[in-house]
1. Given A169, A153, which one is under 21 Å from E197 (Cα atoms), of a type in the set (G, A, S) and surrounded by fewer than 22 Cβ atoms within 10 Å (Cβ to Cβ)?
2. Quickly run through segment 313-334 and pick out the residues that are more than 31 Å from the chain's Cα centre (by Cα) and without any contact (Cβ under 8 Å) to a residue 12 or more places away in the chain.
3. Suppose we filter segment 107-139 for residues that are part of a helix (DSSP H, G or I) and among the aromatic types (F, W, Y); how many remain?
4. Can you find even one residue in segment 242-254 that is more than 23 Å from N195 (Cα to Cα) and hydroxyl-bearing (S, T, Y)?
5. Across segment 92-101, what is the total count of residues that are in a helix (DSSP H, G or I) and either among the polar types (S, T, N, Q) or in contact (Cβ under 8 Å) with a residue 12 or more places away in the chain (or both)?
6. Hey, can you tell me all the residues within segment 258-270 that are touching a residue at least 40 places away in the same chain (Cβ under 8 Å) and either of a type in the set (K, R) or over 17 Å from I203 (Cα atoms) (or both)?
7. Going residue by residue through segment 222-237, is there one that turns out to be in contact with an Asp or Glu (Cβ under 7 Å, 6 or more places away or on another chain) and either small (G, A, S) or closer than 21 Å to M147 by Cβ (or both)?
8. Name, by its number, the condition in (1) closer than 25 Å to T372 by Cα; (2) touching a Gly at 6+ places or on another chain (Cβ under 6 Å); (3) assigned to a helix (DSSP H, G or I) that does not hold for I227.
Amino acid sequence: MFHLMILFVAGLATFNFARIFTSLAVANFAKAKKLRAAKRQPVPTAGIAVVIPAYNEEKDIEKCVRSVVANTYPHKQVIVVDDGSTDATDAVLDRLAQEFADLVVVHQPNAGKARALNNGIMNYADYELVMVLDGDSALAPGALAAMVAHFEADPTLIAAATNVVIEAAHNVIEYTQKLEYLIGNKYKEAEPALNLEYIVGGIGSTFRKSALQEVGGYSTDSITEDIDLSMKLIHHFGNQRYHIDYTDDVVCYTPAAHSFADLKTQRLRWKYGRFKALAKNRRLFFSRDFAKYSPTLTWWKLPKIVFFEELMMLLEPVFLCLMAYLLYLYSDLTTMSGTAIVYALVAFTAIFADAHLPRRERLQLLVTAPFTICLLYIVNVVDFVSLIKCLGKSREIVLNTNQTSAWEHIER
């Protein structure tokens, strides 16, 4: 029995390593193809509305608005929806509206992020393309023009995620997230090429307004409205005739969770919301409507999330104990060192491939890349705790009895 367990773990590790390097190879191929296509694209001309929902964002909202205004793309509209803030957010926005005549500021009673987004998109956005930006985030220069170019190049594109970068990291928790995002973004480059993209994150995510109108906008019964909307779009439109993309050249900046407690709060919300969205759209699993849905999504990606990623996470303590036992029994570091090397290689690949990293940050990341697996285990612990809590709430997730869309801010 013990030998069977060792063989199982070895087979699982081999499969996982093959999957990792296949994803990286596809990502590099897809990125090179996009770069070649971008050189042939004409200057973008379509209009884009940027909708920023805000609740108690007095600390960051000015930086966010100014980053959008600073984008020199001429065909843009900036809309901020203040969702009944109780701090000085409204005063900051009113002052900015005096400075920027084309800034649209909407004040509404507190109703939740989803309703604030729907209000801004459905009632104030004048353009077909709509970008959604969190009030504590910021756009990189040239982001709007780059995003519009993607939509003009592909009429079947209905939604696109951005390259989200963690701002300056000041402690281990923040630095870990910076490295995690960097590696995660590298994997995302492969997903559109394999037609299995299923989450359009809230920061800088861009949609065709007509598609949002067709599905009724954001749902108001989820705390992760971006994941819920992504799944709703896929369920309605499919991903064969219409597409969802990841845009590496559209960069957005976001702050990290500053402490372990904040990280736990954030990741519990993300995991709970993802499970809820998957439960609401469970008919997508193993769908036989291949004309509408790609089998890479419905027969591989979605089942893998539940039956591979989460199940394996539950068994993670068992695997760690087994590795520790093998180390004790044979005094052989092969398994542990091999795993560490693989993760370090992944980190090196992601760091070298990201053209947006400043030189100093790139050097810092390269120095710590050999310790990637140790840093990422901080996130693994948080995800494991979040998974256990979600299992305790499985009934309300499946039945959708908790229908809140209230704001949940972490410490800024």
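1. A153
2. Across segment 313-334, the qualifying residues are C321, A324, Y325, L327, Y328, L329, Y330, S331, D332, L333, T334.
3. Looking only at that region, the number is 1.
4. yes
5. Going through segment 92-101 one residue at a time, the tally reaches 4.
6. H258, S259, F260, D262, L263, K264, T265, R267, L268, R269
7. Looking for residues that are in contact with an Asp or Glu (Cβ under 7 Å, 6 or more places away or on another chain) and either small (G, A, S) or closer than 21 Å to M147 by Cβ (or both), one finds at least one in segment 222-237, hence yes.
8. (1)
The values are calculated or read from the model by the stated rules, or taken from the named source; none is laboratory data. Since this is a predicted model, take the numbers as computed values, not measurements. When we count neighbours, we look across all protein chains shown, and the Cβ atoms used for this are built from the backbone with ideal geometry, even at glycine.
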